[in-house]
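What follows is a single structure, written as structure tokens, with notes after it.
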Amino acid sequence: MKINYFAFGSNLSSARLLERIPEASKHCVAVLAQHRLCWHKKGQDLSGKCDIVFTGNPEDTVYGVVYMMTHAEKLELDVYEGAGIGYERREIQVTALHGDVIEVFTYYALEIDQRRQPYHWYKEHVMRGALEHGLPPHYVEHIRVTPSIDDHDAERHHREISIYRESP
């Protein structure tokens with residue numbers, strides 16, 4: 001049985017998610033109402049990661065992609081996402097762009113540090129995913145103008161970006 005995962009950060013990028021969970025499949029683009037995308041989750045690598053924050057404001061929406069995966073794959077994703085350590089997994093409802101309400105699981109940050117900024121490679125994962133899935137221009141622009149910083153670990157930067165290299 002497949003379950004639905006709402007990706008809103010670096011896992012928006014199919015290349016990023018499929019590197020982690022190769023059998024996952026895209027279901028649809030969806031929105032989470034009354035939430036805002038933030039970059040303040042305290043990453044173990046000292047950078048900022050994406051988080052979603054409830055605002056209660058009907059003007060605020062977070063766009064994301066609903067991917068389908070098995071329960072075993074969800075447990076594997078929990079390890080990548082640091083469920084119980086960096087993120088808390090929650091069951092929520094999102095609305096597909098075609099109007100259906102969908103039950104999904106996603107992750108909310110446990111540790112927040114407003115001073116953190118994402119590394120350039122992390123922001124690139126999010127940007128590539130937003131463009132890949134045709135998210136609205138205003139939302140893509142919000143991602144584009146988010147400040148990001150160099151990663152002091154050049155090897156990690158290279159490894160993260162290498163998933164976008166085309167095969168010979």
Log entry, pairs with first residue in the range 19-35 being buried (at least 18 other Cβ atoms within 10 Å of the Cβ), second being charged (D, E, K, R) and not in a loop (DSSP other than H, G, I, E, B), beta carbons closer than 6 Å, six or more apart or on different chains, reads ILE21/GLU73
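How many residues does the range 5-18 contain that are surrounded by fewer than 21 Cβ atoms within 10 Å (Cβ to Cβ) and polar (S, T, N, Q)?
1
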Could you please let me know if PHE54 is touching a His at 6+ places or on another chain (Cβ under 6 Å) and not basic (Lys, Arg)?
yes
Regarding the range 147-156, can at least one residue be identified that is of a type in the set (A, V, I, L, M), surrounded by 11 or more Cβ atoms within 10 Å (Cβ to Cβ) and more than 17 Å from the chain's Cα centre (by Cα)?
yes
Among (1) at pLDDT below 95; (2) in contact with a Cys (Cβ under 8 Å, 6 or more places away or on another chain); (3) hydrophobic (A, V, I, L, M, F, W, C), the one test that VAL126 misses:
(1)
More than 13 Å from the chain's Cα centre (by Cα), farther than 22 Å from GLU132 by Cβ and surrounded by 15 or more Cβ atoms within 10 Å (Cβ to Cβ), is that true of GLY56?
no
Would you please list the contacts, defined by Cβ atoms under 8 Å and residues six or more apart or on different chains, that run from a residue in the range 57-83 that is more than 22 Å from TYR122 (Cβ to Cβ) to a residue that is modelled with pLDDT under 95 and aliphatic (A, V, I, L, M)?
THR70/MET1; HIS71/MET1
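Okay, residues lined up against (1) closer than 25 Å to THR146 by Cα; (2) surrounded by 20 or more Cβ atoms within 10 Å (Cβ to Cβ):
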| residue | (1), (2) |
| --- | --- |
| LYS49 | yes, yes |
| VAL62 | yes, yes |
| LEU75 | no, no |
| GLU88 | yes, no |
| ILE92 | no, no |
| ALA96 | no, no |
| ALA109 | yes, yes |
| ARG116 | yes, no |
| TYR119 | yes, yes |
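Condition test on ILE143, is it part of a helix (DSSP H, G or I) and under 25 Å from TYR5 (Cβ atoms)?
It is true that ILE143 is part of a helix (DSSP H, G or I) and under 25 Å from TYR5 (Cβ atoms).
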Pairs only if they're at least six apart or on different chains, beta carbon under 7 angstrom, first in the range 117-134 and free of Cβ contacts under 8 Å to residues at least 24 places away in the same chain and more than 13 Å from ARG156 (Cβ to Cβ), second of a type in the set (Lys, Arg) and surrounded by fewer than 17 Cβ atoms within 10 Å (Cβ to Cβ); list them, first residue then second.
MET127/ARG144
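The values are calculated or read from the model by the stated rules, or taken from the named source; none is laboratory data. No experiment lies behind these values; they were computed from the predicted model shown. Counting neighbours? That spans all protein chains shown, and the Cβs are built from the backbone with ideal geometry, glycine included.
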